[in-house]
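Structure first, commentary second.
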Amino acid sequence: MILVTGAAGFIGANFVLDWLAQSDEPVVNLDKLTYAGNLQSLASLQGDPRHHFVHGDIGDRALVDRLLAEHQPRAIVNFAAESHVDRSIHGPEDFIQTNVVGTFHLLESVRAYWSGLDETAKAAFRFLHVSTDEVYGTLGATDPAFTENNPYEPNSPYSASKAASDHLVRAYHHTYGLPVLTTNCSNNYGPFHFPEKLIPLMIVNALAGKPLPVYGDGMQIRDWLFVKDHCSAIRRVLEAGQPGETYNVGGWNEKPNIEIVRTVCALLDEMSPRADGKGYAEQVTYVKDRPGHDRRYAIDATKIHRELGWKPAETFETGIRKTVRWYLDNQAWVQQVQSGEYRQWIDRQYGAKG
Ligand code: NAD
Ligand code: DAU
């Protein structure tokens with residue numbers, strides 16, 4: 001079996017659903033269920049003996065030691081993290097606690113477990129750490145895309161905390177020989193994406209008749225990848241990646257934010273037109289920029305393609321259409337997450353207009 005951390009979150013939930021759709025190898029899912037963790041995303045696995053959910057913190061040594069001893073996983077995929085840049089600006093502490101200290105404790109538990117395995121199991125074991133392109137910092141308009149050799153230059157508390165965790169993972173390979181793999185992926189989008197990130201926020205606000213808040217001039221560029229393509233990349237790296245290596249994962253889909261927002265609006269105009277006959281783009285509102293906002297990210301995914309044969313299955317056009325359709329068809333999921341702590345966040349970030 002494999003242990004997957006943070007699998008009640010956006011990418012982790014998609015990963016577990018895809019994993020169990022393709023294999024009968026069981027998954028232990030360790031998740032703290034922060035505001036971003038949502039077991040509704042895994043409701044289709046209710047009663048499935050291949051999915052075992054454990055509510056807990058990656059930083060809880062006693063719990064993780066016990067889980068490893070009990071389940072003897074052959075691999076760990078570490079998604080658990082605080083993941084939202086804006087939240088890291090308002091309050092960095094949780095990011096340091098989970099992304100840095102939590103990853104450290106997890107690595108310590110894993111090192112102890114791995115050291116006790118027999119030689120065959122030791123050689124086959126993998127610790128896959130899921131990271132981000134944001135650790136590389138920001139690009140100018142004409143700079144080449146990030147390769148695995150770019151220096152780390154993180155600019156937000158979030159990206160700095162992810163960079164720190166990547167360094168720890170690297171060090172556990174070089175110092176202790178732990179067979180680690182690291183993936184650095186660009187912006188994901190797709191089903192079960194928490195509606196405080198750009199694409200789901202725009203869909204949900206548009207349908208609710210609310211403003212569509214675009215930071216600054218809206219010309220910041222991100223490189224978008226459909227979440228299921230990220231999941232297939234992780235499966236491939238787990239299967240065939242070289243221990244100690246890092247792999248950039250991206251969709252070759254660089255787009256300015258305003259273009260993303262306009263595309264979402266156009267799809268909603270087609271699939272769920274406004275009652276007044278006007279376009280959703282009328283709701284676009286430019287708001288104060290994010291402090292320290294990185295201007296451009298772009299991933300060069302040549303290495304994972306050349307060495308492991310991975311490439312994305314979706315184009316942005318097909319992926320974004322599926323995504324908008326999913327949100328229209330799953331409004332109960334949206335309503336369920338739009339409560340409690342989420343509501344307070346929207347008020348804090350965007351004020352009463354949010
Ligand atoms: P998310 O915020 O949707 O989910 C994170 C999950 O981790 C939640 O279920 C949360 O409850 C859980 N968690 C948080 N702290 C925990 C702790 N201490 N112990 C156990 N569980 C904990 O995040 P996501 O967008 O699914 O991202 C998953 C991973 O992928 C993160 O490591 C993130 O840095 C990375 N990543 C995300 C993107 C993206 O576009 N979303 C892109 C590249 C990399
Ligand atoms: O690049 C990978 C990263 O992508 C991941 O590591 C992070 O976990 C993930 O959250 C995401 O980070 P971003 O900051 O790029 O995602 P977000 O959806 O918050 O913002 C995308 C872009 O849209 C960014 O340039 C900020 C802008 N934005 C965002 C929001 C929420 C807006 O213009 N308005 C908004 O309301």
Practice item. Would you please give the residues with an amide H less than 5 Å from that of V4, counting only those at least 5 places away or on a separate chain, with H modeled from the backbone geometry? Key: V28, N29, L30, V77
**Study point:** Accessible solvent surface per residue of the chain, calculated while the other protein chains remain in place, 1.4 angstrom probe, Å²
**Key:** 41 Å²
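Past the 18 angstrom mark, what percentage of all C-alpha to C-alpha distances in segment 213-271 do you count?
Details: 915 of 1711 pairs.
Within segment 213-271, distances greater than 18 Å cover 53 percent of Cα pairs.
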Check your understanding: Which ³J(HN,Hα) values, rounded to whole Hz and listed in residue order, are derived for segment 81-92 from phi using the Karplus coefficients 6.51, -1.76 and 1.60 in 6.51 cos²θ - 1.76 cosθ + 1.60 with θ = phi - 60°, glycine and proline given as x?
Key -> 5, 7, 10, 9, 3, 4, 5, 5, 6, 6, x, x
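Quote the charge dipole size of segment 232-354 about the Cα centre in Debye, to the nearest 20; the model charges only the Cβ of Lys and Arg (+1) and of Asp and Glu (-1).
On the way: 19 positive and 17 negative charges, 27 e Å.
My answer is approximately 120 debye.
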Exercise for review: Between the alpha-carbon centers of segment 228-284 and segment 113-152, tell me the distance in whole angstrom.
Suggested key: 22 Å
Practice item. Hey, could you grab the Kirkwood Rh for segment 156-304? Inverse mean 1/r over distinct alpha carbon pairs, Å, one decimal. Key: 17.4 Å
Check your understanding: Going by alpha carbons, how many degrees (0 to 90, nearest 10) lie between the helix axis of 227-240 and the longest principal axis of the chain?
Key -> 20 degrees
Point to revise | Relative contact order [Cα under 8 Å, 6+ residues apart], segment 2-346, whole percent | key: 18 percent
Point to revise | Equivalent ellipsoid, segment 59-154 (semi-axes from 5 times Cα gyration tensor eigenvalues, Å) | key: 31, 19, 9
Check your understanding: Expressed as a whole percentage, what fraction of the accessible surface of the chain belongs to carbon and sulfur atoms when a 1.4 Å probe is rolled over the protein heavy atoms?
Key -> 51 percent
Practice item. Rounding to the nearest 20 debye, state how big the charge dipole of the chain is about its Cα centre with +1 on each Lys and Arg Cβ and -1 on each Asp and Glu Cβ. Key: 380 debye
Check your understanding: Of all DSSP beta bridges located in the chain, what percent are antiparallel, nearest 5?
Key -> 10 percent
Review point. Can you list the equivalent-ellipsoid semi-axes of the chain, largest first and in whole Å, using the square root of 5 times each Cα gyration tensor eigenvalue?
Key: 33, 22, 19
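The values are calculated or read from the model by the stated rules, or taken from the named source; none is laboratory data. Predicted model only: the values in this text are computed from it and were never measured. In this analysis, Cβ positions are derived from the backbone assuming ideal geometry, glycine residues included, and neighbour counts consider all displayed protein chains. Ligands, DNA and RNA are excluded from the accessible area calculation, which covers all protein heavy atoms including side chains. Shrake-Rupley method; radii C 1.70, N 1.55, O 1.52, S 1.80 Å.
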